[in-house]
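Everything on this sheet refers to the single structure shown next.
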Amino acid sequence: MRARYGVPLGITAVAAAGLLYSAGFEARSFRLRRVTIPVLPPGARPLRVLQVSDIHMVSGQRKKQRWLRSLAGLRPDFVINTGDNLSDPEGVPEVLDALGPLLEFPGAYVFGSNDYYGPKLRNPARYLLEKTQGRHGLNGNAPAVGVVHNPWEDLRDGFDAAGWQNLTNTRGALKIDGLEVELTGLDDPHIRRDRYEHVAGGPSSSADFSMGVVHAPYLRTLDAFTSDGYPLILAGHTHGGQLCIPFYGALVTNCDLDTDRVKGLSRHTAEGRASYLHVSAGCGTNRYTPVRFACPPEASLLTLVGKE
């Protein structure tokens, strides 16, 4: 009897312990990623950019809200929010409250699909299936039907009232200590709302520094930003793979980006040009899969320095 049932019971115990760890501890073990990126004009003073992404706020997530409020203590020069703030139609007030101290700083934002639509319960194995079939989001899949519409307009109005710039298929600019920073943003490619033709043409000649901002790092948007000459692109969406294998890494990115670049800083090349790409692993999860493994939630403090 012991030989017959020992292995299955052992596997069940290990699986239960892994689920308890990934949901009860790691998904709430918030971290700060620090990265230095040489993209500013030579001699420019460093700029500290705080990137927050994929908050996926659900009402009652007090620890996440306290952690987000504490990030204001970093005193960034400006904040970039790369979308997917919501995972609950009732979550807008709590997002705005959690980000309240950060809204005192200059900032800009783009939205992700979960800002517009509520998540649906789905089998996580479908992400692997869609990867093998080359299908991601609405890119190759049928349009979503029967989805919950989130009150994204209220979120937009709250960000706008605080002075953050809406980069939805448009350009913005910030002046930081005399440095003209141009921000060029796209709506979410994951649901085909990106309109690069509205912002094409590359950095403005009047800007000291320009960067691209998008939620989901689909290759078509990375290629467009890079071939147009943007030295830095910020994105989120991937959750860093969310469920990773120790010493191996992510299995999926939920877009057509390769898993080697699922989070952190990397390089992207297109048409003979190269850009830095920073992908945030984000600090939340879909409300129906509130787990992370070997991929803790994060925000990123990017220190932009002068090129050598």
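The values are calculated or read from the model by the stated rules, or taken from the named source; none is laboratory data. What you see is a predicted model, and the numbers here were worked out from it, not measured in a lab. Note that each Cβ is placed from the backbone with ideal geometry, even for glycine, and that neighbours are counted across all protein chains shown. Calculation scope for accessible area: heavy atoms of the full protein, side chains included, ligands and nucleic acids excluded. Shrake-Rupley method; radii C 1.70, N 1.55, O 1.52, S 1.80 Å.
Structure notes:
- Calculated mean residue ellipticity at 222 nm for the chain: -7000 deg cm²/dmol, from DSSP H runs with n ≥ 4 weighted as -39500 (n - 2.57), summed, divided by the residue count and rounded to 500.
- Among the listed pairs Lys63/Lys263; Lys64/Lys120; Lys120/Lys263; Lys175/Lys263; Lys64/Lys263, no Cα-Cα separation exceeding 31 Å is found.
- For segment 298-308, Karplus couplings with θ = phi - 60° (6.51, -1.76, 1.60), whole Hz, Gly/Pro x: 8, 10, 10, 9, 9, 9, 8, 10, x, 5, 6
- P(r) histogram, all alpha-carbon pairs of the chain included - 10 Å bins from 0, percent: 6, 28, 36, 21, 6, 2, 1, 0
- Efficiency of FRET from Cβ geometry, Arg45 and Ser204, R₀ 22 Å, rounded to 0.05: 0.55
- Here the chain has 55 percent of its accessible surface on carbon and sulfur atoms, given a 1.4 Å probe and all protein chains in place.
- Computed across segment 191-308, the Kirkwood radius stands at 15.2 Å (inverse of mean 1/r, all Cα pairs).
- Accessible surface for segment 191-308, divided over its residues, is 39 Å² per residue with a 1.4 Å probe.
- Efficiency of FRET between Lys120 and Glu90 - r from beta-carbon atoms, R0 22 angstrom, step 0.05: 0.85
- Paramagnetic reach from His149 in segment 88-111 [backbone N under 19 Å; point 7 Å along Cα→Cβ]: 88-93, 111
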